[in-house]
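Just below is one structure, and these are the notes that go with it.
Every number in this text was worked out from the coordinates using simple rules, so none of it is lab data. Keep in mind that what you see is a predicted model, and the values were worked out from it rather than measured. Neighbour counts run over all protein chains shown; Cβ positions are idealised from the backbone, glycine included.
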Amino acid sequence: MKMYLTNILADPEKIQRLLDIALTSLWPLLEGALYYTLPLTFISFFFGIILAVLTALARISTSKPLQIIGRIYVSVIRGTPLLVQLFILFFGLPTVGIVIDPFPAAVFGFSLNVGAYASEVIRAAIQSIPKGQWEAAHTIGMNYTQTLRRIILPQATRVSIPPLSNTFISLVKDTSLASLILVTEMFRKAQEIASANYEFLLLYTEAAIIYWLICFILSLIQDRIEHRLGRYVA
Amino acid sequence: MISIKGLYKKFGELEVLKGIDLEVNKGEVVVVIGPSGSGKTTLLRCLNILEVPTAGSITLNGHTADFSKQVAKNEINYFRSETGMVFQNYNLFPHKTALENVMEGPVIVKKEPKDVARKKAVSLLNKVGLGDKFDFYPFQLSGGQQQRVGIARALALEPKVMLFDEPTSALDPELVGEVLQVMKDLANEGMTMVVVTHEMRFAQDAADEVIFIDEGKVIERNKPSELFTNPKEERTRQFLNLIL
Ligand SMILES: Nc1ncnc2c1ncn2[C@@H]1O[C@H](COP(=O)(O)OP(=O)(O)O)[C@@H](O)[C@H]1O
Ligand SMILES: [Mg+2]
């Protein structure tokens, strides 16, 4: 480490070369982030949350079959590595004639993942809302769906924002795994550039900084949402 | 108006209501008293089928729910629409303002146009003395104010019967009066009410009949003046000694 640094600092040309590479690779990396990493994150999170709400409702429903389906789904997804799930979808399914492009395969895999993890968060949030809220809604004549949509989920959302933000930020970072099923997202871009010029440290560090910046901005947005939703509690 | 016949309620092995018979006429105010755990809350919750009784029947306005059979959903809906419930701990919706709490039922359940529902909510909040608190969230209101919003929320659905479950027992003493006043006004307007409360003053002033319940049975019923000063049953006497 020390030698690497002293070598560079002693050699202005080397410094110039690294700066050039850092600058010229910046746009391709950002492209990877804008065209793949971020869309992959947002689309997967969107479908994942829908799946998560449905799964949470299945697990707190009174129907045994629904409960069991929800449980098995969550257990399978949480009990197997994400990378293995992606490989099954992308490299495994073609064996039985199901061929999915890299991007949709990644969306599919990440959505299933978010669905399973977030369903636990949402289930706990729904169950944390006092029973009196359900009862008050029922006594003014609201049915199950109305109560859920108007009374329970809005309150559960506020409780779930911090843990769901964690899920979201994990997802941003997990999308780097999509590089292994040939999605040209940011990390794969970094790999491609580095394998041409051998500046692995530089490029992977640059990618890391961009990941960190994205997550940092997201956590600022999280603070704002929490603040907005917190307006009705003392 | 209400006729309860042979009402039983079991929670698993625990028999909480053991054959309650009760009549409430239109415009009557019935106060229910009894020791903690005697089944008062359960009785009120059975009246709007928040709990499904194990046996017996309730007739409300000519509609009979017979609990020896499965109760139909529209029968439950009828009981819910004709009764308003006020809870001990208010159970307001914390993410909605006072006005939104009151409008929720009319707009979502009765599909009333928003402006109509808003007008009604405004006049109900005025009526319970909260004309200056429309846009306050529950956490910004005192317990007494929250409970009055709770009453307005129940009234917004224009129920035929109002059920109160110890509406003042969670309140600081200085806030009890404002809630009882709203209830007395309601009684004077001719609302039919079943009120679980240990506020003897309210019972004296507003009740047509007081019912003493113990261990899931009606022990004694009478006019308030009679029951409080001259109880016939030993158990009633003991209970009154404890609370008066
Ligand atoms: N949902 C329930 N499940 C089991 N037991 C209950 C339930 N609700 C009430 N009980 C029991 O029924 C009895 C009567 O309760 P309740 O009607 O609340 O009495 P009160 O309002 O007179 O104090 C108590 O022993 C209570 O523990
Ligand atoms: Mg009670």
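Points to keep in mind about this one:
- Per-peptide packing, taken as the mean over residues of other Cβ atoms within 10 Å, places A:199-205, A:161-167 in the sequence A:161-167, A:199-205 from highest down.
- Two-site label geometry, A:LEU182 and B:LYS73: point separation in nm, points 7 Å out along Cα→Cβ: 4.9
- Contact order normalised by residue count of chain A, Cα under 8 Å, 6+ apart, percent: 27
- Label sites at B:HIS63 and B:GLU233, each approximated as a point 7 angstrom past Cα along Cα to Cβ, lie 3.1 nm apart.
- The three principal axes of the Cα atoms in chain A give end-to-end lengths of 78, 53, 28 Å, sorted in falling order.
- Rounded to 5, percent antiparallel among DSSP beta bridges of the protein assembly as shown: 55
- Radius 14 Å from Cβ of A:LEU66, net charge of other residues (Lys, Arg +1; Asp, Glu -1): +4
- In terms of distances greater than 22 angstrom between alpha carbons, the cross-link table entries B:LYS73/B:LYS114; B:LYS160/B:LYS184; B:LYS26/B:LYS120 yield B:LYS73/B:LYS114; B:LYS26/B:LYS120.
- Förster radius 35 Å - calculated FRET efficiency between B:SER3 and A:ARG78 (Cβ-Cβ, nearest 0.05): 0.05
- For the listed peptides B:53-64, A:175-186, A:98-109, a ranking on the average number of other beta carbons within 10 Å per residue, highest first, reads A:175-186, A:98-109, B:53-64.
- Each Lys or Arg adds one and each Asp or Glu takes one away; over the other residues whose Cβ falls under 14 Å from the Cβ of A:ALA116, this sums to +2.
- Between A:THR157 and A:TYR198, the contour length at 0.36 nm per residue exceeds the Cα-Cα span by 10.1 nm.
- Degrees, to the nearest 10: A:186-197 long Cα axis against longest axis of chain A: 10
- Förster radius 35 Å - calculated FRET efficiency between A:TRP27 and A:LYS173 (Cβ-Cβ, nearest 0.05): 0.95
- A P(r) calculated from all alpha carbon pairs of the protein assembly as shown, with 10 Å bins opening at zero, reads 4, 16, 20, 18, 13, 11, 8, 6, 3, 1, 0 percent.
- Pairwise centroid distance, computed over Cα atoms, of the stretch A:176-191 with the stretch A:1-44, Å: 15
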